[in-house]
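Structure, as structure tokens:
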Amino acid sequence: MQERTVIVGAGVAGINAATKLIDNNYQGKITIVDMGKDPYNRLPEEVMTGMLGAGGWSDGKLTYHTSIGGQLSKYCGEEKAMELFDQVITNFKRFHPNPSEVQCSDPQAEPDFIKPYFGLRLFPVWHVGTDYLHEIGKNWYNYLKSNGVEFIWETKIEDINFKENYIFWRTGSAKVSRRRYYDKLIFGVGKSGIDFGKKLAEKYELPTEPKSVQIGVRFEAPQHHFQKLIDVSYDFKLYQKFEDKGVSLRSFCTNNNAAYVAAEHTYGDVSYNGHAKKDEAYRNDMTNFGILMEIKGIDKPFDWSREAVKKLQINEKGTYFSPSKRIPSKTSEGDYVKCVVVDSMDLLYDAIGEHALHIENFIEDMKEVFPTLGNDWGIYMPEVKYLSPEPLVKYDDLSLTRFPNVYFVGDALSARGITVSGAQGTYVAESILKDGK
């Protein structure tokens, strides 16, 4: 009987896994189930679900270092991790309508002017170009479909029976759930499915490793304030560490030139992220990046994060503060970013307590390093990376320790970024191919 591999989630982890299987003449049946839409029907503002996930649809920066975005080298070693990264980057070039546009920035020297206040993490980044992502998604989708991959869109997985190898789903407004048997299951949900992964871990009493809180704000200001650093590192990563308090801060996902803030909807709440366009027609000469804080030692960090995010909502929207009364910016679609303007950072203190002082101090230090910045900035609250307790997996194939035919990848395994997620999916596919020989 033909082996059945079911992939939950059409993000970069699941898509790279399917591509590796197809490229190597996998003889089984591949089915990909996702809550979102195919790339022909997915709207630009539908950031969270659908073909290529969130990052592959709206970001397009592929970090190229094992210290960024997760712990891939923990599982497979440094050399193998970089090989897997190469495969992900090759796929984005392969389905790119103009692959010569994919460029790598590789800053080498940390500038002296930031050293009194920040560290600067330097690493290579491949820039795919946000404007090309939707075409990449279509080309990639066509390749997989033409090679027999079955896609089931706008479908929510309601339950998974790990013991009997069944998934249960409901499509659209259907009143009756359907089920599908699998031999192999790749669980590659994005942030929208992390709560579901947490419920499965509790239901099957999976051994897990708790993850630290990752929360902060999306910072936005005119680009010229940061140009001297952008000239050194386009996707700069400023960081500060306070080891005695179990807190570290970093700038995250920097966007320049044609930089836009995007609202994300997760668990019914709004948080913020950012992306950049490549087309000069979209240029707004703005810079935005997350100021993310990792907080260790918090009991039930996932629940704590959910509660903090709720406190930053007003009228079912996130919040925005600017000391100079800058107005919220427009999205790449020409609408104002959905948020409620507030007149202070008090809500942030209410939500995360004294930890908000670290974010405020981070901004004050940036004003020292970038003297023209002053109060010419705004922050969208919150930006959050929900990291549920990470299930323990076998290092050689990322399968669950209790269910060897179930593999966790992407956000479900605490990956933070396109490259790491895609590499995890590829790694799992390689193990499936090896089993089939």
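The values are calculated or read from the model by the stated rules, or taken from the named source; none is laboratory data. Quick caveat: nothing in here was measured; it's all calculated off a predicted structure. FYI the Cβ positions are ideal-geometry reconstructions off the backbone, even for glycines, and counts take in every protein chain you see. With ligands, DNA and RNA removed, areas are computed over all heavy atoms of the protein, side chains included. Shrake-Rupley method; radii C 1.70, N 1.55, O 1.52, S 1.80 Å.
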Between helix 12-23 and the chain: long-axis angle, C-alpha atoms, 0 to 90°, nearest 10: 40 degrees
Cα gyration tensor shape of the range 238-321, rounded if a/c is under 1.5, else prolate or oblate by comparing a/b with b/c: oblate
Degrees between helix 356-369 axis and first principal axis of the chain (Cα, 0 to 90, nearest 10): 60 degrees
Part-to-part distance (alpha-carbon centres) for the range 255-283 and the range 1-29, which is given in Å: 30 Å
Residue-count net charge about Gln87 - beta-carbon cut-off 13 Å; Lys, Arg +1, Asp, Glu -1: 0
Accessible area per residue in Å² at 1.4 Å probe, computed on the range 89-211: 49 Å²
Heavy-atom surface of the range 297-345, accessible at 1.4 Å and reported per residue (Å²): 58 Å²
Anisotropy class of the range 158-217 from Cα gyration tensor, a/c 1.5 cut: oblate
Fraction of antiparallel bridges per DSSP, the chain only, in percent to nearest 5: 80 percent
Protection proxy ranking of 348-359, 101-112, 423-434 - average other beta-carbon atoms within 10 Å, highest first: 423-434, 348-359, 101-112
Within the accessible area of the chain (1.4 Å probe), percent carbon and sulfur: 47 percent
Flagged links, alpha-carbon separation over 26 Å, of Lys199/Lys296; Lys74/Lys145; Lys20/Lys199: Lys74/Lys145; Lys20/Lys199
Qualifying trypsin sites (Lys or Arg not before Pro) for the range 292-385 [loop in DSSP, other Cβ within 10 Å: at most 10]: Lys325
Above-threshold pairs, the threshold being 31 Å between Cα atoms, out of Lys211/Lys237; Lys93/Lys385; Lys138/Lys338; Lys80/Lys228; Lys228/Lys317; Lys338/Lys394: Lys80/Lys228; Lys228/Lys317; Lys338/Lys394
Overall form of the range 11-109 per C-alpha gyration tensor (a/c, 1.5; a/b vs b/c): oblate
Rel. contact order, % - alpha carbon contacts under 8 angstrom, at least six apart, the chain: 23 percent
Peptides 405-413, 145-153 ordered by average Cβ neighbours within 10 Å, highest first: 405-413, 145-153
